[in-house]
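The values are calculated or read from the model by the stated rules, or taken from the named source; none is laboratory data. Since the structure is predicted, the reported quantities are computational estimates derived from the model, not experimental observations. Here Cβ is always computed from backbone atoms with ideal geometry, including for glycine, and neighbour counts include all displayed protein chains.
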């Protein structure tokens, strides 16, 4: 009691300044994050070294070995045309991941730039950008992708361009919202006070902070693009045959659901796990980079 009275007499009250341990642990990536990261790494490595593995070509047709079961030559069996299912899964991962990553890069580059410029300069330019974004979003994205792909023709570059264009509005909105919240901050005001140019403020002050939510959203965009590519390929408007992709494999496997359901289930499971992994990684990174205490 004497010590407590002395503390009160001097007017000094101890206040813990350290962040609670529970708050610190909430900022750590969980087990699911590392499992998702390991799965993505496994898929990327397997697709990259597919040419080095002792597996048949994904386009070799063997009509005498149609829908064969797993064997030493065909690890996961063969499809309705006698093509090796395991080989098509690996080479299909190349196309699905390639389209899923390259298309959002286009959206990130153009949409991120437009969003930052609109959020920083405001005025008529912001109105013009916001209006353009609303016009693009007014069209159903899957229908627009089908129409453009049917008009331009089926090819992987055309598919990447179409899906990349459709991703621009979403990235524009994310970059614009982040820029609007950062522009009134003290470090931007200080940079303006010392006479920094607009380019320096955008590149040195705003871009490093806007890049964090954009990268988290980029991973979510990869997951969505993989699904859209699969849907277009399933409908016959995506990757042109005989190149394999998970969407094409699902579409071809539906014809054999009664006798060989795994021909459709295997690529569907691979797509599901990959999309889920990208979503988990993106959500975790978004939560870890969110400065708000209650973000998680």
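Which ones in the range 59-73 are within 19 Å of residue 269 (Cα to Cα) and in contact with a strand residue (DSSP E or B) (Cβ under 8 Å, 6 or more places away or on another chain)?
Across the range 59-73, the qualifying residue is only 67.
Against the conditions (1) modelled with pLDDT of 90 or more; (2) surrounded by 17 or more Cβ atoms within 10 Å (Cβ to Cβ), where does residue 238 fall short? Just the number, please.
(1)
Name the one entry in 91, 86 that is in contact (Cβ under 8 Å) with a residue 12 or more places away in the chain, out of contact with any helix residue (DSSP H, G or I) (no Cβ under 6 Å at 6 or more places or on another chain), in a helix (DSSP H, G or I) and within 28 Å of residue 272 (Cβ to Cβ). Spell out how you get there, then give the answer.
On the way: 91 fails: out of contact with any helix residue (DSSP H, G or I) (no Cβ under 6 Å at 6 or more places or on another chain).
Going through 91, 86 in turn, the sole match is 86.
Anything in the range 228-239 that is more than 12 Å from residue 267 (Cα to Cα) and in a helix (DSSP H, G or I)? List them, or say none.
Looking only at the range 228-239, we keep the residues that are more than 12 Å from residue 267 (Cα to Cα), and these are 228-229, 231-233, 235-239.
If the condition is that a residue be more than 12 Å from residue 267 (Cα to Cα) and in a helix (DSSP H, G or I), then 228, 229, 231, 232, 233 are the ones that fit.
Of 104, 58, which residue is in contact (Cβ under 8 Å) with a residue 24 or more places away in the chain and part of a helix (DSSP H, G or I)?
Within the list 104, 58, the selection yields 104.
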